[in-house]
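A.B. asks: Here it is, the structure in full.
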Amino acid sequence: MNRKEETEVKILVNVIFDEFKSLTIPPKPTAKLVTRSEISLKRDREEGIGIPFTKVGKQTGSDKILYNIFDIASFVVSRKTKVQK
């Protein structure tokens, strides 16, 4: 990651934190931020690809999934496409 991308990640982390007031967020808002469905995020988790995540405790029989906002921001910046002239 170059300096420009690092700066973009830092800015995006600040924006996400300002919105959610947390360093981790659940799948639903994560899906919205990265413009993917929750089902796609679940599939990525099952296949071991995509945004890193953490399983926390037990909630109604299943683990609670959380995504770190730094990982979300890094994912968004890494998927940025450059338009060629």
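Here, each number is a calculation from the coordinates, and none is a lab measurement. Predicted model only: the values in this text are computed from it and were never measured. All Cβ positions, even for glycine, are placed from backbone atoms using ideal geometry, and neighbour counts span all protein chains on display.
A.B. asks: If a helix is a whole DSSP H run, which ones in the chain reach 27 Å or further along their own axis (Cα) and hold a mean Kyte-Doolittle hydropathy of at least 0.0?
C.D. replies: None clear 27 Å together with a mean of 0.0.
A.B. asks: Determine which lysines satisfy two conditions relative to K82: a Cα distance under 27 Å, and not lying fewer than 8 residues away in the same chain.
C.D. replies: By straight Cα distance, K82 reaches K4, K10, K32.
A.B. asks: About its Cα centre, what dipole magnitude does the chain give when the only charges are +1 on Lys and Arg Cβ and -1 on Asp and Glu Cβ, stated in debye to the nearest 20?
C.D. replies: Using only the charged Cβ atoms, the result is roughly 200 debye.
A.B. asks: Further question: Once the dipole of the stretch 30-85 is set up with Lys and Arg at +1 and Asp and Glu at -1 on Cβ about the Cα centre, which of S74, P52, S40 lies farthest towards its positive end?
C.D. replies: Farthest along the dipole direction, towards plus: S74.
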